[in-house]
Amino acid sequence: MNSPQLAIVLGTRPEIVKLAPIIRECRDRDVPHIVVHTGQHYSPQLTEVFFDELELPPPDHALGVGSATHGEQTGSMIAGIEEVLLEADPETVLVQGDTNTTLAATIAASKLDAELGHVEAGLRSDDRGMPEEVNRIICDHTADRLFAPTPAAAENLRAEGVPSDRISVTGNTVVDALQRHRGLAADRTAVLDDLGVEPGEYGLLTLHRAENVDDPDRFADLLTGVGRVAREYEMDVVYPAHPRARKKLEDLRVPNAVEVVEPLDYLEFLRLESDASVILTDSGGVQEEACVLGVPCVTLRENTERPETIAAGANRLGGVTPTGIFETAREMVGTDAEWENPFGDGDAAARILDAAAATDADGADDSAAATEAVQ
């Protein structure tokens, strides 16, 4: 078997969703590639079902690492990824975002004779207390090709001394994914009926970050704030809780209007996002999706690595106190979705593959063309 041109490494639900357009583009162009799934998200509801729904073949390599401490999990992934890369000998290793999978693949690829490409490069929250911030910085300063989703992300990289010829502004593959699947979500799912909610008359909550759900007092404050929003607007708030967060909820009082449900598959969650009156979240990816879908968003954090959503008027930082969350939600509920999508036109996957395949120093030209497309 000849060496693949690309090895695409992923391990979490957001990575599957955002790398799916690139995998499809590889298949459309007959680009030899392999997909390596670390198993960082190990629940079937958060992994296998997404491959099925996104109409992707099973990964070529499934490492099955599962949950552990940061160090143990990352170390296991480095060893497993290295073994696959040594055998496959790809020209380029492609990673996405800021997870432990991203960090592990970055370290493994940096020791081998392969170029490293980072999808969604240049995001910054300026909070080194976030493990994700450390992961994305290490990856950005190790990668050979950096695929920044917006001009602002590219500017972050240049400000840190990354040469411009390594940077391409491509747009964000989240737009590619949403354009492909939003209609399917409306046609193929009955999740609104199943949950007994009407379009535009409910809120959607996601909380999963360790700093939010592992601290009982903070988690309780967040739920209190969300409960106040629900009462003010007389709406139910649907909360698809990850298994880890669900376990923490056993010791907390959940407001009556907050309906905790099992994790949803991709199309069901996308349908809930699309028809919500407001989204309250601590997820960076959900901030992007809300912005693209035209749904007002309140971020349950003190900072965000997606400032473009705030600049567009689609998102506000609500903080982590009940009062802050309530007051911010009052600013956002009922907002007309007249903002412009800052994440591109849905051709990010094609631009990323074009830039990844480049062998000469034409990154500046690619970046300029893509920058025009996402402004």
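The values are calculated or read from the model by the stated rules, or taken from the named source; none is laboratory data. Keep in mind it's a predicted model, so treat the numbers as computed, not measured. Backbone-built Cβ (ideal geometry, glycine too); neighbour counts: all protein chains shown.
What to note about this one:
- For segment 298-310, the candidate set comprises residues that are in contact (Cβ under 8 Å) with a residue 60 or more places away in the chain and within 14 Å of Leu123 (Cβ to Cβ); within that set, the residue that is surrounded by the fewest Cβ atoms within 10 Å (Cβ to Cβ) is Asn303.
- Every condition in (1) of a type outside the set (D, E, K, R); (2) under 24 Å from Gly284 (Cβ atoms); (3) at pLDDT 95 or above holds for Met130 except the one numbered (3).
- Hits in segment 215-230 - residues which are surrounded by 15 or more Cβ atoms within 10 Å (Cβ to Cβ) and under 24 Å from the mean Cα position of the chain (by Cα): Arg218, Phe219, Leu222, Leu223, Val226
Conditions tested, residue by residue: (1) among the basic types (Lys, Arg); (2) in contact with a Ser or Thr (Cβ under 8 Å, 6 or more places away or on another chain); (3) on the phi < 0 side of the Ramachandran plot; (4) outside the structural domain of Asn212 (by TED's automatic domain parsing).
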residue	(1), (2), (3), (4)
Asp275	no, no, yes, no
Asp282	no, yes, yes, no
Gln287	no, yes, yes, no
Cys291	no, yes, yes, no
Thr299	no, yes, yes, no
Thr304	no, yes, yes, no
Ala312	no, no, yes, no
Arg316	yes, yes, yes, no
Thr321	no, no, yes, no
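Here is a yes/no grid of residues against (1) closer than 27 Å to Thr304 by Cα; (2) polar (S, T, N, Q); (3) free of Cβ contacts under 8 Å to residues at least 60 places away in the same chain:
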site	(1), (2), (3)
Ala186	no, no, no
Asp194	no, no, yes
Tyr202	yes, no, no
His208	yes, no, no
Val213	yes, no, yes
Phe219	yes, no, yes
Val229	yes, no, no
Tyr233	yes, no, no
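- Unmet criterion (only one of (1) buried (at least 20 other Cβ atoms within 10 Å of the Cβ); (2) at pLDDT 95 or above) for Thr12: (2)
- Qualifying residue in segment 131-153 (condition: in contact (Cβ under 8 Å) with a residue 40 or more places away in the chain, farther than 26 Å from Pro342 by Cβ and among the aliphatic types (A, V, I, L, M)): no
- Conditions (1) basic (Lys, Arg); (2) under 19 Å from Arg182 (Cβ atoms); (3) surrounded by fewer than 23 Cβ atoms within 10 Å (Cβ to Cβ): number failed by Arg271: (3)
- Qualifying residue in segment 224-247 (condition: small (Gly, Ala, Ser), part of a loop (DSSP other than H, G, I, E, B) and more than 22 Å from Ser125 (Cβ to Cβ)): yes
- For the residues Ser164, Ser168, the requirement of being in the same structural domain as Arg145 (by TED's automatic domain parsing), small (Gly, Ala, Ser) and under 18 Å from Ala349 (Cβ atoms) singles out Ser168.
- Positions within segment 260-279 being in a loop (DSSP other than H, G, I, E, B) and more than 17 Å from the chain's Cα centre (by Cα), in sequence order: Glu262, Ala276, Ser277
- For segment 280-319, the set of residues classified as over 20 Å from Glu201 (Cβ atoms), polar (S, T, N, Q) and part of a strand (DSSP E or B) consists of Thr299, Asn315, listed by residue number.
- Qualifying residue in segment 57-72 (condition: polar (S, T, N, Q) and either crowded, with 24+ Cβ neighbours inside 10 Å or at pLDDT 95 or above (or both)): no
- Enumeration of residues in segment 320-355 that are part of a loop (DSSP other than H, G, I, E, B) and touching a residue at least 60 places away in the same chain (Cβ under 8 Å): Val320, Thr321, Val333, Asn341, Pro342, Phe343, Gly344, Asp345, Gly346, Asp347
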